[in-house]
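Take a look at the structure below.
The values are calculated or read from the model by the stated rules, or taken from the named source; none is laboratory data. Not measured: the values here are computed from a predicted model. We place every Cβ from the backbone using ideal geometry, glycine too, and count neighbours over all the protein chains shown.
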Amino acid sequence: DVKVTQSSRYLVKRTGEKVFLECVQDMDHENMFWYRQDPGLGLRLIYFSYDVKMKEKGDIPEGYSVSREKKERFSLILESASTNQTSMYLCASSHRGPSSYEQYFGPGTRLTVT
Amino acid sequence: ILNVEQSPQSLHVQEGDSTNFTCSFPSSNFYALHWYRWETAKSPEALFVMTLNGDEKKKGRISATLNTKEGYSYLYIKGSQPEDSATYLCAFVGFAGTYKYIFGTGTRLKVLA
């Protein structure tokens, strides 16, 4: 069974803290994605990676960085969390080739920054 | 600015009704159009991946069509059931030197028993 897991379902952090969100997939997928979901705005792409150590900026990369040291793991880093980064964060993965392959999503991490 | 719009934003139908929603997307640099179903407290799950103009896909009572020239896709649900209640998302995948993945804001469907 296809599986994407995220390190936490709920997280509360203070303004200025460094935050790590981890995502692991067990499907040997080349592509991995980080999105944030906010009411009325749909899923917005933060970063994606199409291979180990490779990354591409999505639509809203400001305030975030990513790390992909191993194929199965894609980390999202908030260098200095701010209240406007309170959101639901979803990780996804897919085989290479976006035209043919759907994305498989993790359960999401609801992050609150106080 | 690339925009993907879905309509309606939300919809209530009676059990047994058939319904359809629209996804409008840019007609240039098209690569693929994905449909996902997102039930409350679960992860989005793929319904269809569509790549060719005129594509029609079907899975049980749910089907979708694609028109890349005019930039729209329709999702149809025949004989809606309460278990069809979910948010239906479409995602435009474009390519112009780099890939763009743009999700619509979704259509929230509630099927009343």
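How do the pairs read when you match residues in region B:91-113 that are over 21 Å from B:Lys69 (Cβ atoms) and touching a residue at least 60 places away in the same chain (Cβ under 8 Å) with residues anywhere that are assigned to a strand (DSSP E or B) and of a type in the set (Ser, Thr, Tyr), using Cβ under 6 Å and keeping only pairs 6 or more apart or on different chains?
Pairs that qualify, where the first residue is over 21 Å from B:Lys69 (Cβ atoms) and touching a residue at least 60 places away in the same chain (Cβ under 8 Å) and the partner is assigned to a strand (DSSP E or B) and of a type in the set (Ser, Thr, Tyr), are B:Gly106/B:Thr87; B:Thr107/B:Tyr88; B:Arg108/B:Ser10; B:Arg108/B:Thr87.
Kindly evaluate A:Glu56 against the criterion of being under 14 Å from the mean Cα position of the chain (by Cα), in contact (Cβ under 8 Å) with a residue 24 or more places away in the chain and not in a loop (DSSP other than H, G, I, E, B).
Spelling it out, it is not the case that A:Glu56 is under 14 Å from the mean Cα position of the chain (by Cα), in contact (Cβ under 8 Å) with a residue 24 or more places away in the chain and not in a loop (DSSP other than H, G, I, E, B).
Quick one: in region B:79-100, which of the residues that are within 11 Å of chain A (Cβ to nearest Cβ) and within 14 Å of the chain's Cα centre (by Cα) is surrounded by the fewest Cβ atoms within 10 Å (Cβ to Cβ)?
Residue satisfying both the conditions and the ranking: B:Thr87.
Being at positive phi and surrounded by 13 or more Cβ atoms within 10 Å (Cβ to Cβ) is the requirement here; does B:Gly106 meet it?
yes
Look at region B:66-76 and say how many of its residues are touching a strand residue (DSSP E or B) at 6+ places or on another chain (Cβ under 8 Å), surrounded by fewer than 21 Cβ atoms within 10 Å (Cβ to Cβ) and of a type outside the set (S, T, N, Q).
Number satisfying all stated conditions: 4.
Given the residues B:Asn20, B:Asn3, B:Asn29, B:Asn53, which is the only one that is touching a residue at least 12 places away in the same chain (Cβ under 8 Å) and under 12 Å from the mean Cα position of the chain (by Cα)?
None of the others qualify; the one that does is B:Asn20.
Within region B:88-113, how many residues turn out to be among the polar types (S, T, N, Q), farther than 14 Å from A:Tyr35 by Cβ and at pLDDT 85 or above?
Looking only at that region, the number is 1.
Quickly run through region A:67-114 and pick out the residues that are surrounded by fewer than 19 Cβ atoms within 10 Å (Cβ to Cβ) and in contact with a helix residue (DSSP H, G or I) (Cβ under 6 Å, 6 or more places away or on another chain).
none
In region A:66-114, what residues are hydrophobic (A, V, I, L, M, F, W, C) and within 14 Å of chain B (Cβ to nearest Cβ)?
A:Met88, A:Leu90, A:Cys91, A:Ala92, A:Phe105
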